Protein chains: 2
Amino acid sequence: MSRSILQMEKEFVNYTKKITAYNEALALIYWDLRTGAPRQGTGQRAEVIGILSSEVYDLSVSEAMAAYIANLSSLEAQNIIAETTKTLIEECKKEYDYKRKIPAEEYKEYTILLSQAETVWEEAREKSDFALFKPYLEKIVTMTKRFITYWGSEGNKYNTLLDLYEPGMTTHVLDRVFSDLRASIVPLVQKIAAADNKPKTDFLFQTFPKTSQRAFSIEVLKQMGYNFEAGRLDETVHPFATGINRGDVRITTRYDESDFRMAVFGTIHEGGHALYEQNIREDLTGTPLCSGASMGIHESQSLFYENFVARDLSFWKKNYELLKQFTSGHFDHVPVEKFYRAINESKPSLIRIEADELTYPLHVMIRYEIEKGLFNDEIKVEDLPSVWNDKYEEYLGVRPSNDKEGVLQDVHWAGGSFGYFPSYALGLMYAAQFKQAMLVSLPNYAQLLEEGNLQPIKEWLTTRIHQFGKLKKPLQILQDATGEGLNAEYLIEYLTEKYSGIYQL
Amino acid sequence: MSRSILQMEKEFVNYTKKITAYNEALALIYWDLRTGAPRQGTGQRAEVIGILSSEVYDLSVSEAMAAYIANLSSLEAQNIIAETTKTLIEECKKEYDYKRKIPAEEYKEYTILLSQAETVWEEAREKSDFALFKPYLEKIVTMTKRFITYWGSEGNKYNTLLDLYEPGMTTHVLDRVFSDLRASIVPLVQKIAAADNKPKTDFLFQTFPKTSQRAFSIEVLKQMGYNFEAGRLDETVHPFATGINRGDVRITTRYDESDFRMAVFGTIHEGGHALYEQNIREDLTGTPLCSGASMGIHESQSLFYENFVARDLSFWKKNYELLKQFTSGHFDHVPVEKFYRAINESKPSLIRIEADELTYPLHVMIRYEIEKGLFNDEIKVEDLPSVWNDKYEEYLGVRPSNDKEGVLQDVHWAGGSFGYFPSYALGLMYAAQFKQAMLVSLPNYAQLLEEGNLQPIKEWLTTRIHQFGKLKKPLQILQDATGEGLNAEYLIEYLTEKYSGIYQL
């Protein structure tokens, strides 16, 4: 019997590798579509995506999958199979339940709805007209509510959605940490608004050719330890990182010749995501576990490099001279401290993706509160524009003058991605906690940045986070790496200290 | 009953679209591997290729496929289904028989053998040591002979192999045309060797930056009518064209900064292949018929543009000034006629892929005779190096001094591609026949080239060749487009006239 279980274990792992193979082909297709696939081929390519995706769907909800899950979850099997297989079973079961609990007809209807909604959302945003998008959003919310009843929920209904992106996360935890954050950040933002000593930033916006920005970005990626033999850097409208497999983790970026921050900080951010995927344990290659633990943990890695490395003064003590080499004397008369203050300018704004690290969590909280309200029947879709605008005024002191710069700015809801936004703020909090824990092992952290020696930092992150892929749950990773659970204090402390310094509060 | 046949026809077409979808994903993966996929990801990508390929294999030899073929081949079905479906059935049946007639175990053994053989061939070529490669080649030949008995043959056994690449082609036809060609080309080559008036070529080899070569190549591609909204031009070691789908037909090229001919004529050659795939009838999209009719017809399109367009004096009367714009005065003192003679220099050489259009067919004939001899037990693998060298001496007057520049130069045999080589010479003959027929419709052919108006040429080729994809067999295409069967005279006449002029014979 145990021999047949081991045989089945092997078959099951191979079965999941087939799913991964289709997903790898899909990942390459998506990368290609975004980086330069010829326009006229995209219609037929959509057919290919459809066929491969439905193959993935079929494999993950098949009778064969059901049998693997049932048989390898038995007590006898659990005593024999490898630890990684157990986690693999859990992952597959989660996916199986997620898809199987929704009636096939409804799932299909939902998929069609989303593809229509995204097109309508684009038009609505263009016209800044929420009314156009409203019926679609209402339908998406209604269907998602029904899905929650299929999936079941513990405590708050919204927990079910949070769990899709951040396994184990609850409103109970988020309410606490967001409340802590809000209590500290809102007054800090207000103090900054009133501060006399605002950084000058005009010198940042001199013409900086694309090729030079690219060359500098590549140098920084190398410093971070991004492996160019297992990746490449391309150009897109919307930057992203994609782990096609762990030996092929690609980054894209966008160049603005009059604002180098877009490409440089963008590349470093995506580079942080990419380091995660490049450094997952080799034995997970080709399995569905060879990916990040959660959206929040993934974001913690990109934000760690973007904020705790690349927005740190020590980093620029090393790299400012290098940056200057790629410009035509732009910063020759700008001291590094002045440059540092400029790239850390903070001011309330309306658009999340353009926000600085201090105000960013407030953008996320607004979305969190709205989503929680929607799924607990406390907010109606029709009221979203006014609720949105009121919250912006309350938390950030700015009020959108139209839907485009307000409630229509993000694509997430058109894609049915409720529960995703909190990951961005979780990423910031996780990153601050990791940084604090890292200082115990690497008390010379600042000096390492000044020397451009980022290797020990990458190693710390790889040992405690990257290598595990999906083998550990996000809160387990946090606990093991830092010795405690989610705690907003580290982020608060970091932001307070940093911005008090920059604005001389 | 007829309703259920029509239902089955629809299902069958969709079934083949699934096969095409996997092949499209594979085509993109191969393109990506050759144009810049990160090295460390290729191991896992090979797994993906394996999984997708075996899916294609399974679908094309499945019970479902057998049922489609049987049911839709019935007399009743044939009276009802569309003409394109009939051809689709034929194609699928051919593929089915090809694969199913070989026992699965042997096919697997063969696949493994080929992958080993290619690696060994690379090493053998590097070391110029045929002995290393010999046992693998012997095994490949032995297995292929056995496959021929499985597949069956009509007339010469080698016909079965020819048919894989050029449906309907036989040794009977090839013996005739190659004999005609040889009788004319060998003496012409000898006359040229003895001619006093050889073209000067030294001015061709001045430094020509990659970016300028690329810019010029793009201009020429546009002139040809290559659609950049349905394609793109990239760089690779070994240039190729790939029809990922008919709206996504990509070209690659190689740049040699001290010999622009490599990139320019290479791009035009691949551009000819690409025009074919871009102009197949839209309703064939996504089916296995959306591809070239045969290797020979495909090659006729690339060679048409490379030789009959881009090596024609009239073409350069238009484009020489354009070329000059991309150089730093390289050709300012070189008249266009002198340039034309230089790019048409002909001399016997050892390496096929570097050969000029006049001597090229001799390289192909040598391989044809050897392959025919091998599969009719007239030549032994162990004798290949000496047979090869003797034939080169006989036909081209040059003798390889080692295996690397002799029998080991081509990868084809390591890949089991016997019967493929004749396509290259067929392409030349087809192209010459198409050119002659085109002159009837377009008597102002030379003038069109001089005006850079290649649109009517593309339209002629699209109407008679491109649009049909695999709907017609190669010899049918030839017959319909030119009114006659394969005839070497047109190529002979073209070469004789052209080279007599260039060498003032």
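The values are calculated or read from the model by the stated rules, or taken from the named source; none is laboratory data. Predicted model, so just to flag it, every value in this text is computed and none were measured. Cβ coordinates were reconstructed from backbone atoms using ideal geometry, including for glycine residues, and neighbour counts include every protein chain displayed. The accessibility values were calculated without ligands, DNA or RNA, using every heavy atom of the protein model including side chains. Shrake-Rupley method; radii C 1.70, N 1.55, O 1.52, S 1.80 Å.
What is the one condition in (1) within 12 Å of chain B (Cβ to nearest Cβ); (2) closer than 17 Å to A:THR463 by Cβ; (3) open to solvent by less than 10 Å² (accessible area, probe 1.4 Å); (4) not hydroxyl-bearing (Ser, Thr, Tyr) that A:ALA274 does not satisfy?
Only one criterion in (1) within 12 Å of chain B (Cβ to nearest Cβ); (2) closer than 17 Å to A:THR463 by Cβ; (3) open to solvent by less than 10 Å² (accessible area, probe 1.4 Å); (4) not hydroxyl-bearing (Ser, Thr, Tyr) is unmet by A:ALA274, namely (2).
Which of the residues belonging to the stretch A:355-369 are more than 15 Å from the chain's Cα centre (by Cα), within 16 Å of A:HIS269 (Cβ to Cβ) and part of a helix (DSSP H, G or I)?
None - no residue of the stretch A:355-369 is more than 15 Å from the chain's Cα centre (by Cα), within 16 Å of A:HIS269 (Cβ to Cβ) and part of a helix (DSSP H, G or I), so the list stays empty.
Pairs needed: first member in the stretch B:248-263, within 30 Å of A:LEU33 (Cβ to Cβ); second member anywhere, surrounded by fewer than 21 Cβ atoms within 10 Å (Cβ to Cβ) and among the hydrophobic types (A, V, I, L, M, F, W, C); C-beta distance under 6 Å; at least 6 residues apart or different chains.
B:ILE251/B:LEU233; B:THR252/B:PHE240; B:ARG254/B:MET262
Looking at the stretch A:60-79, which of the residues that are touching a residue at least 24 places away in the same chain (Cβ under 8 Å) and within 17 Å of A:LYS17 (Cβ to Cβ) is surrounded by the fewest Cβ atoms within 10 Å (Cβ to Cβ)?
Ranking the qualifying residues of the stretch A:60-79, first place goes to A:ALA64.
I'm trying to understand the selection: among the residues of the stretch A:100-157, which are part of a loop (DSSP other than H, G, I, E, B) and either under 23 Å from A:PRO400 (Cβ atoms) or in contact with a strand residue (DSSP E or B) (Cβ under 7 Å, 6 or more places away or on another chain) (or both)?
The answer is A:SER128, A:ASP129.
Among the residues of the stretch B:337-378, which ones are β-branched (Val, Ile, Thr) and open to solvent by 30 Å² or more (accessible area, probe 1.4 Å)?
B:ILE351, B:ILE353
Is there a residue in the stretch B:7-21 that is in a helix (DSSP H, G or I) and either under 30 Å from A:GLU229 (Cα atoms) or not assigned by TED's automatic domain parsing to the domain that holds B:THR87 (or both)?
yes
Sort out which residues of the stretch A:1-42 are among the hydroxyl-bearing types (Ser, Thr, Tyr) and touching a strand residue (DSSP E or B) at 6+ places or on another chain (Cβ under 6 Å), and write them in order of number.
A:THR35
Among the residues that make up the stretch A:300-307, is at least one of them acidic (Asp, Glu) and under 14 Å from the mean Cα position of the chain (by Cα)?
Yes, the stretch A:300-307 contains at least one residue that is acidic (Asp, Glu) and under 14 Å from the mean Cα position of the chain (by Cα).
(1) assigned to a loop (DSSP other than H, G, I, E, B); (2) touching a strand residue (DSSP E or B) at 6+ places or on another chain (Cβ under 7 Å): which one isn't true of A:CYS290, the others all being true?
(2)
Please list, ordered by first then second residue, the pairs with beta carbon atoms under 8 Å, 6 or more apart or interchain, first in the stretch B:277-292 and more than 21 Å from B:PHE228 (Cα to Cα) and more than 12 Å from chain A (Cβ to nearest Cβ), second open to solvent by 30 Å² or more (accessible area, probe 1.4 Å) and of a type in the set (Lys, Arg).
From residues that are more than 21 Å from B:PHE228 (Cα to Cα) and more than 12 Å from chain A (Cβ to nearest Cβ), the pairs are B:PRO288/B:LYS470; B:LEU289/B:LYS470.
For the stretch B:331-349, what are the residues that are assigned to a loop (DSSP other than H, G, I, E, B) and touching a Phe, Trp or Tyr at 6+ places or on another chain (Cβ under 7 Å)?
B:PHE331, B:VAL334, B:SER346
Check off (1) touching a residue at least 40 places away in the same chain (Cβ under 8 Å); (2) within 14 Å of chain B (Cβ to nearest Cβ); (3) touching a helix residue (DSSP H, G or I) at 6+ places or on another chain (Cβ under 6 Å) for A:ILE268 and give me the number that stays unchecked.
(2)
Provide a single number: the residues in the stretch B:380-410 that are surrounded by 18 or more Cβ atoms within 10 Å (Cβ to Cβ), in contact with a helix residue (DSSP H, G or I) (Cβ under 9 Å, 6 or more places away or on another chain) and either of a type in the set (Phe, Trp, Tyr) or assigned to a loop (DSSP other than H, G, I, E, B) (or both).
Of the residues in the stretch B:380-410, 11 are surrounded by 18 or more Cβ atoms within 10 Å (Cβ to Cβ), in contact with a helix residue (DSSP H, G or I) (Cβ under 9 Å, 6 or more places away or on another chain) and either of a type in the set (Phe, Trp, Tyr) or assigned to a loop (DSSP other than H, G, I, E, B) (or both).
Just to be sure I understand the filter: pairs with C-beta atoms under 6 Å, separated by 6 or more residues or on different chains, first member in the stretch A:33-59 and within 17 Å of B:LYS17 (Cβ to Cβ) and more than 7 Å from chain B (Cβ to nearest Cβ), second member of a type in the set (Phe, Trp, Tyr) and crowded, with 16+ Cβ neighbours inside 10 Å. Which pairs pass?
A:GLU55/A:TYR22
Would you be able to say whether some residue in the stretch B:251-258 is within 14 Å of chain A (Cβ to nearest Cβ) and open to solvent by less than 10 Å² (accessible area, probe 1.4 Å)?
Yes, because at least one residue in the stretch B:251-258 is within 14 Å of chain A (Cβ to nearest Cβ) and open to solvent by less than 10 Å² (accessible area, probe 1.4 Å).
Please tell me if B:ALA446 is surrounded by fewer than 20 Cβ atoms within 10 Å (Cβ to Cβ) and among the hydrophobic types (A, V, I, L, M, F, W, C).
Judged against the criteria, B:ALA446 is a match.
Taking A:ARG232, is it surrounded by fewer than 21 Cβ atoms within 10 Å (Cβ to Cβ) and within 14 Å of another protein chain (Cβ to nearest Cβ)?
Spelling it out, A:ARG232 is indeed surrounded by fewer than 21 Cβ atoms within 10 Å (Cβ to Cβ) and within 14 Å of another protein chain (Cβ to nearest Cβ).
Which condition from (1) under 24 Å from A:SER2 (Cα atoms); (2) in a helix (DSSP H, G or I); (3) in contact (Cβ under 8 Å) with a residue 60 or more places away in the chain is the one that A:LYS93 breaks?
For A:LYS93, the exception is condition (3).
Given the conditions (1) over 23 Å from B:PRO361 (Cβ atoms); (2) assigned to a loop (DSSP other than H, G, I, E, B), and given that B:TYR420 satisfies all but one, which numbered condition is not satisfied?
(1)
Quick one: which residue in B:ARG125, B:ARG100 is open to solvent by 20 Å² or more (accessible area, probe 1.4 Å) and closer than 30 Å to B:SER62 by Cβ?
Going through B:ARG125, B:ARG100 in turn, the sole match is B:ARG100.
For the stretch A:1-22, how many residues meet the condition of being open to solvent by 70 Å² or more (accessible area, probe 1.4 Å), without any contact (Cβ under 8 Å) to a residue 40 or more places away in the chain and under 30 Å from A:ALA46 (Cα atoms)?
1
What about A:ALA82, is it within 14 Å of chain B (Cβ to nearest Cβ) and either within 25 Å of B:ALA230 (Cα to Cα) or surrounded by fewer than 17 Cβ atoms within 10 Å (Cβ to Cβ) (or both)?
no
Using the structure shown, decide if B:LEU162 is within 14 Å of chain A (Cβ to nearest Cβ), part of a helix (DSSP H, G or I) and open to solvent by less than 10 Å² (accessible area, probe 1.4 Å).
no
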